[in-house]
Amino acid sequence: MAHRYALYLAPPRESDLHEFASHWLGRDAVTGEELEQPFVEHVPADKLREITASPRRYGFHGTIKPPFRLAQGREPDEFHRAARIFAAAWPRMDLKLQVQSLRGFLALMLAEPSEDLDAFAAACVRDFEPFRAPLHPEEMEARKRAQLTPRQLAHLEDFGYPYVMEDFVFHMTLTDKLQTNIHDRVLTELCARTRPLVAEPFRADALCVFEEPEPEAPLLLTARYPLGG
């Protein structure tokens, strides 16, 4: 089965943050609608589209459990029911965000640590592991080409993704990896544009299911399950 599911945090459709990020990336992950991207001085329109290609396909989000195929014998309804029950058991979280650079790409990241978010993410990765089909050998090999630590390699073997548990870093991606000659320019632009949006904490109030219907297709937000606290 090519269909993949992911568990993310994402702002509500009616929020200013969703509106900004959808236009910045050029696509609304709720509706699937392609959107006109903003004018950015000294960044041509085609360049802005190029440097937002990957986050545009995945939709604006913060990863909790990355995309996976359902394990043999698991059904979509069962997965959605588990996501709803899991979400109800966890409290809502207020997360202070700011634009930062992470390995060369730009994202909204935590301005201060959140033990609640770390615990939530770790539990989600563990609890939904029975729903995850193993990576194909070629997928595993592609992941191993990255410069991973021994612990990250162990996470990859155990959970199909290296950046979980102690290596989890929450980020809501806004660009692909940027070349040096454009990195600081776009960072300055994003800091200015997001300043009013991050003046108040981001309220993480739902566990969101995103779905990829076929390989390389844009992901869509298909369900928001409220956090119960």
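The values are calculated or read from the model by the stated rules, or taken from the named source; none is laboratory data. Please read these numbers as outputs of a predicted model, since none were measured by experiment. Cβ coordinates were reconstructed from backbone atoms using ideal geometry, including for glycine residues, and neighbour counts include every protein chain displayed.
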If a residue has to be touching a helix residue (DSSP H, G or I) at 6+ places or on another chain (Cβ under 6 Å) and at pLDDT below 95 to count, how many in segment 1-41 make the cut? 1
Among the listed residues ALA154, ALA133, ALA146, ALA192, identify the single one that is farther than 27 Å from HIS18 by Cβ and free of Cβ contacts under 8 Å to residues at least 12 places away in the same chain. ALA154
Only one residue in GLU50, GLU75, GLU33 is within 27 Å of ARG185 (Cβ to Cβ) and among the charged types (D, E, K, R). Which one? GLU50
Collect the residues in segment 76-102 that are part of a helix (DSSP H, G or I) and more than 24 Å from THR173 (Cα to Cα), keeping them in residue-number order. PRO76, ASP77, GLU78, PHE79, HIS80, ARG81, ALA82, ARG84, ILE85, PHE86, ALA88
For segment 125-229, please list each of the helices (runs of 4 or more DSSP H) lying entirely inside it that holds at least 2 residues being surrounded by 15 or more Cβ atoms within 10 Å (Cβ to Cβ). 150-159, 180-194
Scan segment 94-126 for residues that are in contact with a helix residue (DSSP H, G or I) (Cβ under 6 Å, 6 or more places away or on another chain) and within 22 Å of HIS155 (Cα to Cα) and jot them down. ALA122, VAL125
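Quick grid of which residues meet (1) closer than 18 Å to LEU7 by Cβ; (2) under 17 Å from the mean Cα position of the chain (by Cα):
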residue: GLU129; (1), (2): yes, no
residue: MET140; (1), (2): no, no
residue: ALA146; (1), (2): no, no
residue: ARG151; (1), (2): no, no
residue: MET165; (1), (2): yes, yes
residue: VAL169; (1), (2): yes, yes
residue: LEU178; (1), (2): no, no
Could you tell me whether any residue of segment 7-21 is polar (S, T, N, Q), farther than 12 Å from LEU220 by Cα and surrounded by 15 or more Cβ atoms within 10 Å (Cβ to Cβ)? no
Hey, among ALA199, ALA123, which residue is of a type in the set (Gly, Ala, Ser) and within 29 Å of ASP77 (Cβ to Cβ)? ALA123
Reported set for segment 1-21 where residues are part of a helix (DSSP H, G or I), under 17 Å from PHE210 (Cα atoms) and not hydrophobic (A, V, I, L, M, F, W, C) is HIS18
Single residue of PRO66, PRO91 found to be surrounded by fewer than 14 Cβ atoms within 10 Å (Cβ to Cβ), in contact with a Gly (Cβ under 9 Å, 6 or more places away or on another chain) and modelled with pLDDT of 95 or more: PRO91
Residue check, ALA217 against (1) touching a helix residue (DSSP H, G or I) at 6+ places or on another chain (Cβ under 6 Å); (2) closer than 18 Å to LEU25 by Cβ, all met but one. Which one? (1)
Filtering segment 22-75 down to residues that are farther than 18 Å from TYR161 by Cβ, over 18 Å from the mean Cα position of the chain (by Cα), of a type in the set (A, V, I, L, M, F, W, C) and not in a helix (DSSP H, G or I) yields LEU35, PHE39, VAL40, VAL43
